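Nothing in this text is a laboratory measurement; each read-out follows from the coordinates by a stated rule. Keep in mind the model is a prediction, meaning the values are calculated, not measured. Here the Cβ positions follow ideal geometry from the backbone for every residue, glycine too, while neighbour counts run over all protein chains shown.
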Amino acid sequence: MKRGRDQLEADGSEEGRGEQAAPAAAEQAAGGDEQERQQQQQPGDGQQPPAQQAEEDDEDDKPLLQNYKMSKSLRKGIECPYLDTISRQNLDFDFEKCCSVSLSGHNVYACLVCGKYFQGRGPNTQAYTHALEAGHHMFMKVEDGRVYCLPDMYEVQDRSLADIQYVLNPTFTPEEVAKLDSSVSWARALDGTEYMPGLVGLNNMKQNDYANVVVQALIRIHPIRDFFLRPENYKSCNSLLVQRFGELVRKTWNPRAFKGQVSPHEFMQAVMSASGKRFIIDQQSDPVEFLSWLVNTLHHDLTGGKRKKRSVITDCLQGELEVVTLAGTGKAKDSTQDVTDRVPFLMLGLDLPAAPLFKDALEKVIIPQVPIFDILKKFDGQAVSEDIKHGRRRFRITKLPRFLVVHVRRFLKNQFFMEKNPTIVNFPVKNLELAACVPVPQGKDGQAVPSKYDLVANLVHEGKAGQGQGTYRVHVHRKVEEQWYEVQDLRVSEVLPQMVALSETYAQVYELKQ
């Protein structure tokens, strides 16, 4: 079974990008194919257990510990003549922390003068050699943030180093997390520019804008954001992807960053490893495919592959559909009665009406518009969707998710090329009432459950269809200000809600109003 979007969109229809849907609706639950996931990715692949890594660090520095008494000495900042040689402008902890000489990621120290990474601090190591050759004496161990002076070998402790240690590993208390949506906060970078913690640009290293918009959208889901801001919540998870995603979330919300943008380099390295290079930095991919793969993989790693175990992903995004396959079609082709299934979903796929083929009287192509309520009627339990593989089916929402993710299917792959449907979807930025177009589930008391949603993120595609064609940007809602922003890689700018509603939306995230 293919991973990714097929496990998320519970309607199971063919996507139109050449991927086949899952063979059975029941297999499209959030957990995905456990055996395939375990084969394609191992949690913490390439990472050593902390105890083993610490033991190897000691082994690496054994000559240092045996022969240099100074290596165990501790000095205050006032006693170190090289403290003022630190250059914070050169420090960038966003990139992969591996030695610039040996390319090893083991026992790495960052030079606090030039920002380069070197392995070890004992004699005959790259950091020691760099200290002698370049005259750079201040080094920080990236694993724990401790600072050493080389080649003198002593450790330096001073309050002036706290800001560097915080940038290396931002931390948040429960009280700080609780205040994120209650007060407007701005921060100032080293170059004097101001930025908004939580709404910073993400560097497009080559063609990873598809991943940047997904990250910006996911951190608008505040329970997911709050969960990953506290490493204690997933400290027992050895998945490198989970750890790197958590680091990226903490860096985007860092109120004491040295610069007003973040590079997702380490996160993308983990993505490439976990996806078997299905998603890479220098080739554009579909953000909806990436979103479906990412949330499924995070859920799988957080739960240890246990399908029925819940995670912060399913708590936020998972709903349920009733899928009725009409007799004589699909899985009910040998049955005289309809077949009914209950299927969990993390995303709903919405089908656009066919775009017009002809120009109007003024020789201009008409760009049609459709209300989102019309295409949501696919899930009213009455409309019949036809699919060559899955037959004729009806869908009805039986459980609403806390955050509703919808995907507007704009792309269709025919025999020759990829086509893009330019139809504009009209949607309300606030108060999307599902009860206006589909029957909503009832609570235990027989009353209708809340079904009104507010938009929090809107992914947009611009340009032509096809692999590597066009660009992606995202509109995000900053709740604390009640203001909309448009984010495209490093560019962050204010945008009017009316402009959000006029965009060629590709995917959206809605939050349920309680």
Above-threshold pairs, the threshold being 26 Å between Cα atoms, out of LYS206/LYS259; LYS116/LYS259; LYS141/LYS479; LYS377/LYS452; LYS277/LYS377: LYS141/LYS479; LYS277/LYS377
With no solvent and one point on each alpha carbon, what is the Debye value of log10 I(q)/I(0) for the stretch 107-233 at q = 0.12 Å⁻¹? -0.67
Under the Karplus relation 6.51 cos²θ - 1.76 cosθ + 1.60, θ = phi - 60°, what is the ordered set of whole-Hz ³J(HN,Hα) values for the stretch 226-234, x standing for Gly and Pro? 5, 5, 7, 6, 10, x, 4, 6, 9
Under 5 Å from the placed amide H of VAL495, counting only residues 5+ away or on other chains, we find TRP484, TYR485, GLU486
FRET efficiency (SER87, SER183; Cβ distance; R0 41 Å; to 0.05) is 0.80
GLU96's amide H: which non-local residues (gap 5+, or another chain) put their own amide H closer than 5 Å, with H modeled 1.01 Å from N in plane and none for Pro or chain starts? GLU266
In whole Hz and in residue order, list the ³J(HN,Hα) couplings for the stretch 343-350 that follow from phi through the Karplus curve 6.51 cos²θ - 1.76 cosθ + 1.60, θ = phi - 60°; x for Gly and Pro. 10, x, 9, 10, 7, 10, x, 10
Which whole-Hz ³J(HN,Hα) couplings does the stretch 237-251 yield from phi under the Karplus relation 6.51 cos²θ - 1.76 cosθ + 1.60, θ = phi - 60°, glycine and proline marked x? 8, 8, 5, 5, 4, 4, 5, 5, 5, x, 4, 5, 4, 5, 5
With no solvent and one equal point scatterer placed on each C-alpha of the stretch 99-144, evaluate the Debye formula and give log10 I(q)/I(0) for q = 0.17, 0.22, 0.31 Å⁻¹, two decimals. -0.36, -0.61, -1.24
Rounded to the angstrom and largest first, Cα extents along the principal axes for the stretch 248-324 equal 52, 30, 24
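Please work out the FRET efficiency for the pair GLU494 and LEU103, using the Cβ-Cβ distance as r and a Förster radius of 51 Å; give the result to the nearest 0.05. Present the calculation step by step, with values, prior to reporting the outcome.
Numbers: r = 42 Å, r/R0 = 0.83.
Given R0 = 51 Å and the Cβ-Cβ separation, E is 0.75.
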